[in-house]
Every structure is written in structure tokens, then in C-alpha cells.
Amino acid sequence: MSPRGRTRPDRSLEKALLETYDCVGGLDEVGRGALAGPVSVGLAIVARRTDDGFPEGLADSKQLTARARTGLIEPVRGWLVDHAVAHASPAEIDEHGIIGALRIAGLRALQQVAERGHAPDVIILDGVADWLTALEGTHAPKDSPEPAEVPSTPPVRMEVKADARCAVVAAASVLAKVERDCLMADLDDPGYGWVSNKGYASPAHIQGLTALGASDQHRRSWHLPGL
């Protein structure tokens, strides 16, 4: 714990896994609870050769200011072996549900690093529910990468509060948060307040929904306040 009571990440779990595996991936999502915009998944890769010292100030993205997160992007990228951020659109969320959309985004991130020869041997996934691994007897959602592009989903190690406890997952959370925030801020906005709320519920967002109705960026299968 930090002097202010904030959990600080370390490398204990990822280094323990690196005794068995060559490359370890940290995976985290952002945008799961938003009313609009994509759900985004960040993937950070470390290897046995990765420097023990991770960027100063690295923490769960939710514990950092927007300025601090942005300032960490280049140090984090320089520390990692590889990284990726991928997205599933509002339409994909409506079609596949949030869990299916998370898996689509996660597989897309894995596809990006696999194409560069950096597919992780194991994944540390934040939380208690493994949304990356397909359930037995099911198939990948439509529009997810083909098996030839991602040969197999790596084994997943679940870790509660991994984004706060594990440096590699904290790195993934920062990468995903900054990229998604930028995407939301760049959207055409007739009056929903994307720049400030990033698609999450806020008084301005709800007022915009009441006045304008839902846009193509909204998750229309969800119960949207103000409609």
C-alpha cells in the first residue's frame, strides 16, 4: 500500500509466471459500463528480459488523473515487449452482448500482437469472470478473428484487482483508458457531452438523450436513461 492507502502494483505475480512461461500478458477492459461508445481491451506483454523497474507512477488507470495517464503512455510502451488496444463497437455489443463483445475485443488485441510474433503464453485477467476463454461447446462470436490468426487462446489466470496489483495489467489499463477516451473525445457530438463523460451516464449525457434520442454510438439494446 502507498502512504495514502492506495494499492501500488508490483511484479510478483507476473515474475512468478515468467518462471514457467516466456511471455506474460496483462489484459484489462474499459468502457464496460458506458451507455455509448465501444468497449475497449488493453493488452500489455512482458517477457523474462523485461526490465524489473516499471514506469514511475504506474497504477490502475482509475486511480490516475487524465494528465497522469497520458504522461505514462510513452514510458509504458517503452517498458513493454509489445502492446495492443482493440475495440468492439456499440453495434457488436448489441448483437453479442457485453461478454461476447469483450471477447471480440480481447481476441482482436491478441491478434495484433500475434502478427508481430509476441503472442503471450499466459494471460493475467482482471476480475473474477473469464470473458476471454470461449465456453465449452460454443464458438467465437461472428466477426472475431479466425482461429488461424489467433492459434489458441492462452491459459488465463484470474486475479481480483489485478489492475491495481499487477504492473503488467496496470499498464494495459492505462493504454486502454487513454485510447478509448481519445476515441470518445474525437466523435462528432451534437450534444451528448462525449468529451467530459466519455459515453458514461452523466446529467449532460442524459439531457442529451432526452433531447436528441439515441445515436449510432449508443448501445440500443441497453436501457438508456432519458428515453
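The values are calculated or read from the model by the stated rules, or taken from the named source; none is laboratory data. These numbers come from a predicted model, not from an experiment. For neighbour counting, all protein chains shown are included, and Cβ atoms are generated from backbone atoms with ideal geometry for every residue, glycine included. Calculation scope for accessible area: heavy atoms of the full protein, side chains included, ligands and nucleic acids excluded. Shrake-Rupley method; radii C 1.70, N 1.55, O 1.52, S 1.80 Å.
Every condition in (1) modelled with pLDDT of 95 or more; (2) of a type outside the set (A, V, I, L, M); (3) crowded, with 20+ Cβ neighbours inside 10 Å is met by Glu179 except one, and the failing one is (3). Scanning region 190-227 for residues that are within 24 Å of Arg69 (Cα to Cα) and either small (Gly, Ala, Ser) or at pLDDT below 95 (or both) returns Gly193, Ser196, Gly199, Ala201, Ser202.
Just so you know, in region 62-77 the residues that are farther than 17 Å from Val169 by Cβ and in contact (Cβ under 8 Å) with a residue 60 or more places away in the chain include one that is most open to solvent (accessible area, probe 1.4 Å), and it is Thr70.
Kindly check whether there is at least one residue in region 78-87 that is out of contact with any helix residue (DSSP H, G or I) (no Cβ under 9 Å at 6 or more places or on another chain) and either in contact (Cβ under 8 Å) with a residue 60 or more places away in the chain or open to solvent by 50 Å² or more (accessible area, probe 1.4 Å) (or both). The answer is yes, given that some residue of region 78-87 is out of contact with any helix residue (DSSP H, G or I) (no Cβ under 9 Å at 6 or more places or on another chain) and either in contact (Cβ under 8 Å) with a residue 60 or more places away in the chain or open to solvent by 50 Å² or more (accessible area, probe 1.4 Å) (or both). Among the residues of region 186-208, those that are part of a helix (DSSP H, G or I) and either more than 16 Å from Pro90 (Cβ to Cβ) or touching a residue at least 60 places away in the same chain (Cβ under 8 Å) (or both) comprise Trp194, Val195, Ser196, Pro203, Ala204, His205, Ile206, Gln207. Counting only strands (runs of 3 or more DSSP E) that sit completely within region 1-114, those holding 3 or more residues that are farther than 15 Å from Val178 by Cβ correspond to 23-30, 39-47.
Going by what's in this entry, would Ala105 be described as closer than 29 Å to Arg220 by Cα, open to solvent by less than 60 Å² (accessible area, probe 1.4 Å), touching a residue at least 24 places away in the same chain (Cβ under 8 Å) and in contact with a His (Cβ under 9 Å, 6 or more places away or on another chain)? Spelling it out, Ala105 is indeed closer than 29 Å to Arg220 by Cα, open to solvent by less than 60 Å² (accessible area, probe 1.4 Å), touching a residue at least 24 places away in the same chain (Cβ under 8 Å) and in contact with a His (Cβ under 9 Å, 6 or more places away or on another chain).
Looking across region 113-129 at every residue that is in contact (Cβ under 8 Å) with a residue 60 or more places away in the chain and open to solvent by 30 Å² or more (accessible area, probe 1.4 Å), the one that is nearest to Pro155 (Cα to Cα) is identified as Asp121. Scanning for something closer than 30 Å to Val81 by Cβ, touching a Gly at 6+ places or on another chain (Cβ under 6 Å) and β-branched (Val, Ile, Thr), does region 157-172 turn up at least one residue? Yes - at least one qualifying residue is present in region 157-172.
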